[in-house]
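Written below as structure tokens is the structure these notes are about.
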Amino acid sequence: MADESMDDAWADALEEANPEGDGAENAGGEDWDNLSDTDSSDDNGSQVASFDELSDNTADHQGSHNLDFLLDIPLSVSVELGRTEMIIDKMLQLTQGSVVELEKAAGEPVEIYVNRKLLGKGEVIVVNDRFGVRITEIISQADRIKNMG
């Protein structure tokens, strides 16, 4: 019953759009009821879409393929020890051995950024004479989404 009223509404709309009644709604010799046929193409060369049934295995395989593609994307990871502001005159006076005081105190957690977006916080460690960062906190997913904008 609802389908018939929907068909009538479409027919009325088509008549309003084409008051001369030149048969545009039946282009190619088809009417609205025949558009749902399973033919692969019509006289105009357009094709009806066909979809394969999805199974659980197909979704898992496709999902892992998409994930594998994403795993190869390079990311830029940076760690911020602290910040400061200075005027150009002071910056031009910096030489080798100058000390720049940061807003953070020693021992405070450092921010970890991935592609310039905050991921979390950590502490600076030294491993085999190289600096590293031990992740101590990862920000919540909601906060990460807010920081994306």
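The values are calculated or read from the model by the stated rules, or taken from the named source; none is laboratory data. Not measured: the values here are computed from a predicted model. All Cβ positions, glycine included, derive from the backbone under ideal geometry; neighbour counts span all protein chains shown.
Every residue in segment 106-121 that is in contact with a Gly (Cβ under 9 Å, 6 or more places away or on another chain) and more than 16 Å from residue 75 (Cβ to Cβ), please.
108, 109, 110
In segment 127-145, how many are exposed (fewer than 12 other Cβ atoms within 10 Å of the Cβ) and among the hydroxyl-bearing types (Ser, Thr, Tyr)?
1
Between residues in segment 65-90 that are within 20 Å of residue 120 (Cα to Cα) and modelled with pLDDT of 90 or more and residues that are polar (S, T, N, Q) and part of a loop (DSSP other than H, G, I, E, B), which pairs lie under 7 Å by C-beta distance while being six or more apart or on different chains?
Note: pairs meeting the criteria are 75/115; 76/115.
Quick check: anything in segment 57-64 modelled with pLDDT under 70 and either exposed (fewer than 10 other Cβ atoms within 10 Å of the Cβ) or outside any helix (DSSP H, G or I) (or both)?
Yes, the conditions are met somewhere in segment 57-64.
Check segment 120-133 and report whether any residue there is modelled with pLDDT under 95 and in a helix (DSSP H, G or I).
no
Has segment 99-118 got any residue that is surrounded by 10 or more Cβ atoms within 10 Å (Cβ to Cβ) and either small (Gly, Ala, Ser) or modelled with pLDDT under 80 (or both)?
No; the residues of segment 99-118 include none that is surrounded by 10 or more Cβ atoms within 10 Å (Cβ to Cβ) and either small (Gly, Ala, Ser) or modelled with pLDDT under 80 (or both).
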